[in-house]
Amino acid sequence: MKYISLNHNSAPTSFKKAVINGLAPDKGLYFPEKDVKLPKSFIESLKTLDNNEICYEVISNYIDDEIPKNKLLEIVNDTISFKIPLKKIEQSVYSLELFHGPTLAFKDIGAKFMASCLNYFKDSYTSKKITVLVATSGDTGGAVAKGFSNTKDIDVCIIYPKGKISEVQKKQITTNGSYVNAIEVEGDFDLCQSMVKKAFNDQEINRKIALTSANSINVARWLPQMFYYFLAYKKIKNNKKNVFSVPSGNFGNICAGILSKSMGLPIDHFIAATNINDTIPRYIKDGIFEPNNTCPTISNAMDVSNPSNFIRIQKIYNNDLQKIRKNISGFSYDDKTTKEAIKKLFTSENYLTDPHSAIGYLGLKQYMINNDDNLNGIFISTAHSIKFKDVVEDTISSKIKYPASIKKILNKESNTQSIESYSELKEILLNRN
Ligand SMILES: *Cc1c(COP(=O)(O)O)cnc(C)c1O
């Protein structure tokens with residue numbers, strides 16, 4: 001498989017190059033050059049196949065022989081090595097729990113897969129030290145740090161907005177030992193992201209360091225997110241229509257679901273559920289793409305007003321707004337409504353959700369009001385509630401227990417540096433290597 005740039009000013013390139021570059025030279029996002037259709041026989045046998053086999057079959061279409069079968073199977077196996085339950089919450093409503101991985105967030109899947117691919121490719125492309133540079137609104141940082149924990153000759157540099165991530169997230173980013181360089185920025189996530197972009201364009205940095213990105217734009221983070229749509233489908237024991245509601249920020253997760261559908265996975269409809277940073281729900285409604293300033297919310301991993309991955313969704317639908325509307329509904333919720341949903345799920349269903357997952361639930365319910373409810377409604381639970389402990393405990397008026405993996409890091413000392421400007425970031429990067 002070759003990868004084209006969605007800015008259309010760079011030559012198609014290999015999977016390996018796309019993973020290493022992150023963004024194409026013309027600053028476009030990479031996108032697979034060809035549509036992939038899975039054989040009908042494969043789709044029909046999904047319910048009986050082994051998980052590793054399914055995920056290998058899906059992803060190998062995008063990698064070909066750039067990673068040999070045995071190695072790719074090993075990487076797939078590693079990536080989905082934790083449980084991914086599909087829990088029934090109400091009549092026709094299911095939660096796909098993606099928060100049982102090493103940092104209790106769905107980003108563990110993409111981060112682990114990417115780290116393994118990069119580790120596999122690294123010796124063949126540079127003798128320079130590799131630094132993974134990533135901006136995070138909370139969950140990416142921890143997931144990337146853990147993803148690279150067994151690839152210690154790759155350095156990881158994580159930039160996050162000061163005071164805008166939770167205590168657990170901060171611990172997950174800042175307690176990993178010396179291979180992780182944690183940097184907090186006085187500003188919001190968009191500022192962090194713009195600093196990272198600047199570093200990638202900085203020739204002085206690029207001469208010295210092999211910089212690589214681990215944000216959700218990287219194809220090795222984006223594509224493996226298809227795994228759990230297939231694995232969820234495998235678990236469903238009826239032939240009703242399947243609708244997925246995806247709490248969305250940068251739109252990588254939902255875009256992987258949409259790609260799965262384009263390969264032939266039986267999914268009827270998607271719901272893009274957002275917080276008040278609602279650029280896409282507004283776009284779906286009015287046809288006008290107009291990002292506002294980013295507003296802070298309690299679902300801060302979705303505080304994104306200009307979602308990078310949306311261009312890939314437009315590409316899948318040939319930029320046809322009618323097709324987008326037919327396949328995706330967009331709904332947005334403020335913090336008050338989100339908290340009410342957390343509380344309702346806890347009191348009436350005894351089910352604990354974090355603010356992001358609660359938005360997924362809300363979107364699903366809103367869709368189901370206006371549509372035939374003879375369907376499987378699946379909302380994606382993207383993070384464990386403990387990662388947003390303060391707001392969840394406050395909302396449900398009771399305490400959440402710490403999972404064992406979190407208890408272990410709470411008492412570790414945080415190791416981080418504070419910066420205000422790009423020049424400080426540059427200095428850190430140059431002096432570190
Ligand atoms: C990153 C994140 C999201 C948003 O996912 P995108 O792929 O950026 O749309 C939602 N929920 C949680 C908990 C996240 O960490």
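The values are calculated or read from the model by the stated rules, or taken from the named source; none is laboratory data. Since this is a predicted model, take the numbers as computed values, not measurements. With ideal geometry, Cβ positions are generated from the backbone for all residues, glycine too; neighbour counts draw on all protein chains shown. Surface accessibility is based on the protein's heavy atoms, side chains included, excluding ligands, DNA and RNA. Shrake-Rupley method; radii C 1.70, N 1.55, O 1.52, S 1.80 Å.
Just a few scattered comments:
- Under the Karplus curve 6.51 cos²θ - 1.76 cosθ + 1.60, θ = phi - 60°, whole-Hz ³J(HN,Hα) for the range 5-19, x wherever Gly or Pro sits: 8, 6, 8, 6, 10, 10, 6, x, 9, 6, 4, 3, 5, 5, 5
- Protection-proxy order for peptides 320-326, 122-128, each taking the mean of Cβ atoms within 10 Å per residue, highest first: 320-326, 122-128
- Distance (nanometres) between label positions extended 7 Å along Cα→Cβ at Asn70 and Asn238: 4.5
- The chain - percent of accessible surface contributed by carbon and sulfur, probe 1.4 Å: 46
- For a straight C-alpha distance cut-off of 19 angstrom, the lysines reachable from Lys315 (same-chain residues fewer than eight places away being disregarded) are Lys2, Lys27, Lys34, Lys37, Lys261, Lys285, Lys323, Lys326.
- Extension gain from Ile43 to Ser423, taking 0.36 nm per residue of separation minus the Cα-Cα distance: 131.7 nm
- Protection proxy ranking of 47-60, 352-365, 409-422 - average other beta-carbon atoms within 10 Å, highest first: 352-365, 47-60, 409-422
- The lysines whose alpha-carbon is closer than 18 Å to the alpha-carbon of Lys237, local same-chain residues fewer than 8 away aside, are Lys47, Lys87, Lys88.
- The chain: C-alpha gyration tensor shape, a/c 1.5 cut-off, then a/b vs b/c: rounded
- Where the range 277-433 is the region considered: accessible area per residue in Å², 1.4 Å probe: 49
- Accessible surface area normalised per residue over the range 47-191 is 35 Å², counting heavy atoms of protein chains with a 1.4 Å rolling probe.
- Structure remark: mean-square fluctuation, Gaussian network model of the chain, C-alpha springs under 10 Å; the largest value among Ser178, Ser299, Ser381 belongs to Ser178.
- Over the chain: helical MRE at 222 nm, DSSP H runs n ≥ 4 each giving -39500 (n - 2.57), nearest 500: -12500 deg cm²/dmol
- Reachable aspartates and glutamates from Lys234, criterion Cα separation under 19 angstrom, eight or more residues apart if same chain: Glu44, Asp50, Glu53, Glu57, Glu97, Asp268
- Highest mean first, the peptides 7-19, 236-248, 81-93 sorted by other C-beta atoms within 10 Å per residue fall in the order 236-248, 7-19, 81-93.
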